[in-house]
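Values quoted throughout were computed directly from the atomic coordinates according to the rules given, and no laboratory measurement underlies them. Because the structure is a prediction, the values reported are computed rather than measured. Here the Cβ positions follow ideal geometry from the backbone for every residue, glycine too, while neighbour counts run over all protein chains shown.
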Amino acid sequence: MPEMAGLDEGTPLFVQVADRLAGEIADGGLAEGERVPSTNELAAFYRINPATAAKGINVLADDGLLEKRRGIGMFVATGARQRLLARRRAEFTQRYVAPLLSEAARLGIDTDELFDLIKDAGHEREGVSL
Amino acid sequence: MTPAISVAGLTRRYRDHTALDDINIAISGGTITGLLGRNGAGKTTLLRILAGHEFPSSGSVRVLGAPPAENEDVLRRLVFVREDQAYPDIKVGQALRAASWFHPNWDSTLASSLLDDFGVRANKAVKKLSRGQRSALGITIGLAARAEVTLFDEPYAGLDAVARQVFYDRLLADFAEFPRTVLLSTHLIDEAAALFEGVIVIDRGRVVLDAPADVLRGVATRVSGPCLAVDALAGGRPVWERRRLGSQASVVMVGPLSPDDREQARSSGLDLTPLSLQQIVVQAAAGVLAPAPETSFETERTCA
Amino acid sequence: MNTWVKVARYHLVRPANYLFLLWILPFSFAVGAVTAGRSRGHDAAGYLISFFIYFGVLGMQTIGRSLPFGLTLGASRRSFYSGTALLGMALALVSGLVLTALQAIERATDGWGLSMHFFRVPYLLNGPWYATWLTSAVVLFALFVYGMWHGIVYSRWGPLGTLAFIAVQVLVVVAGAVVVRFEHWGVRSAASGSSVGLTALGLTAVVAALAVLVLAGGHATIRRATV
């Protein structure tokens, strides 16, 4: 079952496949110019219908993140990683900052206190990673 | 492009009941479609008619462009794996040999490999096979035939979960290599849900749902939590079910959820659980696809 | 390979299923040999009847046992019917030949040294070898397709339907006997060697005609059979 590979019930499968691949590209797991798994490989891995896998790939291809090399397969387009990261940056506020603020408001943490919390946690993280 | 399977106004009446009532379906070639519904809903009758094993009372049936009954040009390009196949007094290997003569695309290497996967020996008498082994034989014939139209009627009786997964995997793998039109009837919906491109739900002889699987995933979400918050989110939207327990409520909301919706749910402490395909089918078969009555929780005084 | 031939081959995919044919003949022969030993010169031909009846049973079984998977394989009902009848014809010809050969040996050895006449049926199988072959093959084939028809009737209408089918046949036979009496065709006088009666070949022709009738009947009945 695809749930075993982490796909869930909520969003259409092809969207999840596209998101997974986009995530891989953004994280650097799939480098620019590298071949992306084929429709059949994805279908077998996620245990889904090949047409669904193909749809997911097409989403990214239509977006210009993947390019087709005839006879060989789909490859990560140049600049794909940058574009994805830029997109995620743009979404960062809506996806992460807004929820953070609303949760903080719920708990009665004001902006200054929130600021301090972030600073401390951030420095700790950077300290650990050094 | 003509659909691989098309059925119009199909009705099948028996003396004491109507098994199929005005069925209209079109299935495109090269897809895997799930045929879902309760026991006795009419799935088997539909498949038998598509395979030419039964005759319609009225309506038209076209498989690969022509009526299948008694039509060998169609039948040779079709394979039907029945739930209750009766075999003569022969061995497994002999059944496969006979099948190889009748199916032009037959692949005997695939057949042997499938028998191995399921642990069925070719020189065993079919009569002596266990229920699961018989199902494995049916599946082997169904897949190795590589028929343009492949019909499966709950082909997994007696197979444990591991063997069923082997079936799904082999089906997908061979389908990827040799695309064909597959119609798979099952009541183990969630296991097979990801295989389907299309889903058809039959209940009491009628089609109650016929949609792409993509559309159905995420079409309905269970929203549960404080009843006022539930109402705030679900108010004015189509809802399939409403439940109350004290100050908690749970509704099944229909329609996509925007990121704002999700944020609203998160901040008001609501739990969002998408309905699985199986749950959606259960709702469809129970005839609950119509919106639930309009009452909102606000009118109930105990909702604090 | 045309579908009829595929169907015939499908029936034979496990040859052992039809080799029973070869076993039943010597078995009934052995039984006959044992009991006939008590009264010399006795015609033990009655034991041959079990073989002929078995052909009818075989025909019936082809439907109940092999039609379901046959349909699944993709044969149309009519092709299944024709292919099975083709098989029946082949089996009848081969079996007829075997009977003829055994009859020849019996004659040559003067009843197997015991004056037994197992393979001689007075009037019917008492002539030259080719007549024996023709008559036995035709009768066997007729019984086979008759059995097939019964198999189809049973499959479509169950035991009650079969009873009704038999009742109709009885009526037809009775009506036929009444007509024959009126016309004084004197088939019954054949036993006394009267020249008014039908020859063995003539009777064979009648059986052949009946077989054709049964073939048509079965072919029509199988068209809406479901399994």
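Which residue, A:E67, A:E34, A:E113, tops the fluctuation ranking in a GNM of chain A built on C-alpha contacts under 10 Å?
Sorting by GNM fluctuation, first place goes to A:E113.
Hey, got a sec? Which trypsin sites (Lys or Arg not before Pro) in segment B:34-136 land in a DSSP loop and have at most 15 other Cβ atoms within 10 Å? Don't skip to the end; give the middle numbers.
Details: sites: B:R38, B:K43, B:R48, B:R62, B:R76, B:R77, B:R82, B:K91, B:R97, B:R121, B:K124, B:K127, B:K128, B:R131, B:R134; in loops: B:R38, B:R76, B:R77, B:R82, B:R121, B:K124.
Counting only loop positions with at most 15 other Cβ atoms within 10 Å, the trypsin sites (Lys or Arg not before Pro) in segment B:34-136 are B:R121, B:K124.
For chain A, set up a GNM with springs between Cα atoms under 10 Å and report which of A:T111, A:T93, A:T52 has the largest fluctuation.
Evaluated over chain A, the most mobile residue of the options is A:T111.
Taking a quarter of the surface of the convex hull around the Cα atoms of chain B, what do you get in nm²?
Numbers: hull surface 75.5 nm².
Across all orientations, chain B yields a mean hull projection of 18.9 nm².
Could you please report the charge total around C:R65, scoring K, R as +1 and D, E as -1 over all other residues with beta-carbon less than 14 angstrom from its beta-carbon? Working shown, then result.
Numbers: positive: B:K127, C:R14; negative: B:D89.
Combined, the nearby Lys, Arg, Asp and Glu give +1.
Which of the lysines could a cross-linker span from B:K127 if the Cα-Cα distance has to be under 26 Å and same-chain partners fewer than 8 positions apart are dropped?
B:K91, C:K6
Students often forget the sequence filter, so: which aspartates and glutamates lie under 15 Å Cα-Cα from B:K43 once same-chain residues fewer than 8 apart are removed?
List returned: B:D21, B:D22, B:E54, B:E83, B:D84, B:D153, B:E154, B:D203, B:D210.
With the dipole of the protein assembly as shown worked out from charges on the C-beta (+1 for Lys and Arg, -1 for Asp and Glu) around the Cα centre, which of C:V172, B:T181, C:F69 lies farthest toward the positive end?
Going by the Cα projections, it comes out as C:V172.
Checking the cross-link filter: which lysines have an alpha carbon closer than 27 Å to that of A:K55, excluding same-chain neighbours under 8 positions apart?
A:K55 reaches A:K68.
Enumerate the calculated ³J(HN,Hα) couplings along segment C:2-16 in order (Karplus 6.51 cos²θ - 1.76 cosθ + 1.60, θ = phi - 60°), each rounded to whole Hz, writing x wherever the residue is Gly or Pro.
4, 4, 4, 5, 4, 5, 4, 5, 4, 4, 8, 4, 10, x, 3
Tell me, what is the percent relative contact order of chain A, built from C-alpha pairs under 8 Å that lie six or more residues apart?
On the way: 110 pairs, mean separation 29.3, N = 130.
RCO, chain A: 23 percent.
Using alpha carbon centroids, what distance separates segment B:199-263 and segment B:59-131, in Å?
Each part reduced to its Cα centre gives a spacing of 42 Å.
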